[in-house]
Amino acid sequence: MFAKIKYAWLSGPLMLAAGFLLMTCPSFALDNGLAKTPPMGWNSWNKFGCNVSEDLIRQAADALVSSGMKDAGYQYVVIDDCWQVSRDKEGNIVPDAQRFPSGLDKLADYIHSKGLKFGIYSDAGTGTCQNRPGSRGYEFQDARQYAAWGVDYLKYDWCNHSTQNSEASYSLMRDALAKSGRPIVFSLCEWGSTKPWLWAKDVGNLWRTTGDIVPKWSTNEKNDGLGVVEILDLQDGLQTYAGPGHWNDPDMLEVGNPGMSPTEYRSHFIMWCILSAPLMAGNDIMHMSNETRDILTNKEMIAVDQDPLGIQGHRVRKDGEQEIWSKQLSDGSRAVALLNRGASEQNMTANWTDIGYPASLSAQVRDVWNHKDLGNKTGSFSASVPSHGVVVIKVKP
């Protein structure tokens, strides 16, 4: 465990020297006992960007409880970029006093009083993506401060990083968090740029696998982010790297943000659950529609995402715009998604042989989204799937 690793608490330029030493020393494996299932919560960025404040975060915590999201499994309330404004003369990170007048420790206390957990944001570079102070050179000092505030989750971005090595930079903060004395989930946000799935299992609890998501089903515009299906395509093949305590992260949820249809929102949520993805809502949960709330709190679908076996689903068949995805569950069953990426409704069939069962097998089939038993089927299951829709079933021998 990292707690046995001896470091002096350093700040500023001195920490750069310690960072160099760590780069040249053997890496220590992550063993913080956290995120045994994919983390669930809410993050401020997708909807509110830099417009964050103490009042907003308190309201989000209240809404997480009153909406039923907490009861459905959502735990973390995460402030993204723009909460920090400077460092004091001793190098301590300084929150925006106008936006967070009570201090982040008091905000953490409020979130904890709701039975929730508190998350925060920083960057491995000298500055964040919005050019607020980053943590480079202050890793141990910042981690100590986060622990003192009562932070439970750190999202760590990858802007203003110059020629830094990603694995070394993230490993340094991993060790700082371990030394902080408080269990803190470590979320790596380097956008998949250095293939973190190859090295991050020993560094963080989750790692971004792609660039940023936007609230669109699909986009081919180079500078416009990635839509749902572009991100899906980039997840297939990464399934062997995910598991309890270490997850591929295809980015936060856009459910409820303008840009997609109700069918597309449902498909987005269903497919993230099939992927065993972290479920971090990114909408205005204080003013969401009943339809958005019902999508985000579908407990039977969430149970697929949170299955303790921790196997990430993957695409098992593709016929043009028709795709079959399958996720093995801990009771021996399969969650199966029939995804129609096409522009019109289509009849689709999932064959048992696609999902690892013999064609002769008789199995119980349940409509996961609508909570309906569909009886026993032998060899296959067929359904009509709307454009950009998903029919998701559980197949149990």
Which three extents, in angstrom, do the Cα atoms of the stretch 272-312 have along their principal axes, listed largest first? 34, 18, 12
If each K or R counts +1 and each D or E counts -1, the residues other than A343 whose Cβ falls under 14 Å of its Cβ total -2
Where labels lie 7 Å past Cα in the beta-carbon direction, separation of E321 and N220 in nm: 1.4 nm
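At 0.36 nm per residue, minus the direct Cα-Cα distance, what do Q364 and D55 gain on full extension? Give it in nm, one decimal, please.
Working: separation 309, 0.36 × 309 = 111.24 nm, distance 4.83 nm.
Extra length available between Q364 and D55 comes to 106.4 nm.
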Going down the table (K318/K396; K179/K327; K47/K394; K299/K327), which pairs top 28 Å between alpha carbons? K179/K327; K47/K394
In percent, how large is the relative contact order of the stretch 314-396, given Cα pairs closer than 8 Å and 6 or more residues apart? 33 percent
From the residues S360, L234, C189, which one has its Cα farthest along the dipole of the chain in the positive direction, the dipole being from +1 and -1 charges on Cβ of Lys/Arg and Asp/Glu about the Cα centre? S360
With the Cα gyration tensor of the stretch 203-318 giving a ≥ b ≥ c as the square roots of its eigenvalues, does the rule (a/c under 1.5 for rounded; else a/b larger than b/c for prolate; else oblate) give rounded, prolate or oblate? oblate
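Got the relative contact order for the chain handy, in percent, Cα pairs under 8 Å and 6 or more residues apart? List each step's numbers first, then the result.
Working: 887 pairs, mean separation 54.6, N = 397.
Here the relative contact order equals 14 percent.
What is the magnitude of the charge dipole of the stretch 314-396 about its Cα centre, with +1 placed on the Cβ of each Lys and Arg, -1 on the Cβ of each Asp and Glu, and no other charges, expressed in debye to the nearest 20? Intermediate results must be reported in sequence, preceding the final value.
On the way: 11 positive and 8 negative charges, 44 e Å.
Charge dipole, the stretch 314-396, about its Cα centre: 200 debye, nearest 20.
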Would you mind calculating the gained length between K372 and L34 on full extension (0.36 nm times residue separation, minus the Cα-Cα distance), in nm to one decimal? 118.3 nm
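Suppose only helical runs count, i.e. DSSP H with n ≥ 4. What mean residue ellipticity at 222 nm does that imply for the chain under -39500 (n - 2.57) per run, divided by all residues and rounded to the nearest 500 deg cm²/dmol? It would help to have the intermediate numbers written out before the result.
Details: 11 runs with 102 residues, N = 397.
Using -39500 (n - 2.57) per qualifying helix, the result is -7500 deg cm²/dmol.
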FRET E, pair E291, R87, Förster distance 45 Å, beta-carbon r, rounded to 0.05: 0.55
Roughly how large, in nm² to one decimal, is the mean projection of the convex hull of the alpha-carbon atoms in the stretch 314-396? 4.9 nm²
Euclidean distance between Cα centres, the stretch 290-335 to the stretch 183-205, Å: 23 Å
Choose one of N298, Q130, S113: the residue whose Cα lies farthest towards the positive end of the charge dipole of the chain (beta-carbon charges +1 Lys, Arg; -1 Asp, Glu; about the Cα centre). S113
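No value in this document is a laboratory result; all are computed from the given coordinates. Only a predicted model underlies this, so the values are computations on that prediction, with no experimental measurement involved. Note that we place each Cβ from the backbone using ideal geometry, even for glycine, and neighbour counts take in every protein chain shown.
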